[in-house]
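The values are calculated or read from the model by the stated rules, or taken from the named source; none is laboratory data. Note that the structure is predicted; figures quoted are calculated from it, not measured. All Cβ positions, even for glycine, are placed from backbone atoms using ideal geometry, and neighbour counts span all protein chains on display. Side chains included, ligands, DNA and RNA excluded: accessible areas come from the protein's heavy atoms. Shrake-Rupley method; radii C 1.70, N 1.55, O 1.52, S 1.80 Å.
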Amino acid sequence: MTDDAAAAPTMILARLSVERESLLGAAFIGLGAVGLAIAVIALAFSPSLRLPVLVGVGAGAVLLVHGILRRSAAARAAAALDRLQSAPASASR
């Protein structure tokens with residue numbers, strides 16, 4: 001078995017892992033946006049800031065930032081995998 005054939009399953013799993021992280025990041029961004037939207041709507045109909053609204057804004061912001069960080073980490077990992085695959089075989093040894 002050649003080195004490329006032996007490394008193929010590992011590269012496939014790495015690509016799947018990057019895609020999973022990217023999708024989870026998108027899910028967290030979506031949840032954070034929905035949380036912020038619900039908190040803003042609740043704030044619009046509320047005469048004053050209340051603890052549930054503040055908690056909703058905080059949780060939405062945390063989820064949004066977490067999703068952005070996950071997506072950026074997945075993009076960096078994908079770029080590293082692309083660079084690794086495009087490197088000549090003699091340079092990687």
Can you send over the carbon and sulfur percentage of the accessible area for the chain, probe radius 1.4 Å, protein chains only? 73
Give me the distance in nm between label points sitting 7 Å out from Cα along the Cα-to-Cβ direction at I68 and I12, one decimal. 3.7
Cβ-Cβ cut-off under 14 Å around R83, Lys and Arg +1, Asp and Glu -1: the net charge is +1
Suppose every Lys and Arg Cβ carries +1 and every Asp and Glu Cβ carries -1, with no other charges. What dipole size does the chain come out with about its Cα centre, to the nearest 20 debye? 240
Förster radius 30 Å - calculated FRET efficiency between L24 and R83, Cβ distance, rounded to 0.05: 0.85
Any chance you could list P(r) for the chain, counting all Cα-Cα pairs in 5 angstrom bins from zero, rounded to whole %? 3, 14, 16, 14, 11, 9, 9, 7, 6, 5, 4, 2, 1, 0, 0
If you take the beta carbon distance between D4 and A37 as r and set R0 to 41 Å, what does 1/(1 + (r/R0)^6) give as a FRET efficiency, to the nearest 0.05? 0.30
